[in-house]
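The structure under discussion appears below in the form of structure tokens.
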Amino acid sequence: MWEFCITINGKKHCIPLPVLIPQPIHIPPPENFPPLELATAVLQLVEAIGPTARAPELTNSLREVATSFIRQVQKGLPAGVELRQMPQA
């Protein structure tokens, strides 16, 4: 899962992005960012089916495209805001 982290007064506040769950993020505005939600959902799907997929070329391509999009989003974030992958439990 991915999360946005915002540093306010030296303290980091992280908000998880819902993945594969049709639950909108209502705060902070603006409305949801559907391409980012799609990219994170694709990565979650690839991680879930990757070990058993019979088309590794397809899963690798999906992973590359989604990761590339997320990197673009990360580069455009303002200072003090980061988008990072949450550690797996």
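Restricting attention to region 47-89 and to residues that are β-branched (Val, Ile, Thr) and under 10 Å from the mean Cα position of the chain (by Cα), the residue that is modelled with the highest pLDDT turns out to be Thr67. When the test is whether a residue is out of contact with any strand residue (DSSP E or B) (no Cβ under 8 Å at 6 or more places or on another chain), among the aliphatic types (A, V, I, L, M) and within 30 Å of Lys11 (Cβ to Cβ), Ala53 does not pass it. For Pro29, the requirement of being under 19 Å from Ala79 (Cα atoms) and modelled with pLDDT under 80 is met.
Out of curiosity, is Gln44 under 24 Å from Ile8 (Cβ atoms), polar (S, T, N, Q) and at pLDDT 75 or above?
no
Those residues that are among the polar types (S, T, N, Q) and surrounded by fewer than 17 Cβ atoms within 10 Å (Cβ to Cβ), I need them from region 45-89; list them, please. Scanning region 45-89 gives Thr52, Asn60, Ser61, Thr67, Ser68, Gln72, Gln74, Gln85, Gln88.
The values are calculated or read from the model by the stated rules, or taken from the named source; none is laboratory data. The structure displayed is predicted, hence computed values, not measured ones. Using ideal geometry, Cβ is built from the backbone for each residue, glycine included, and neighbour counts are taken over all protein chains shown.
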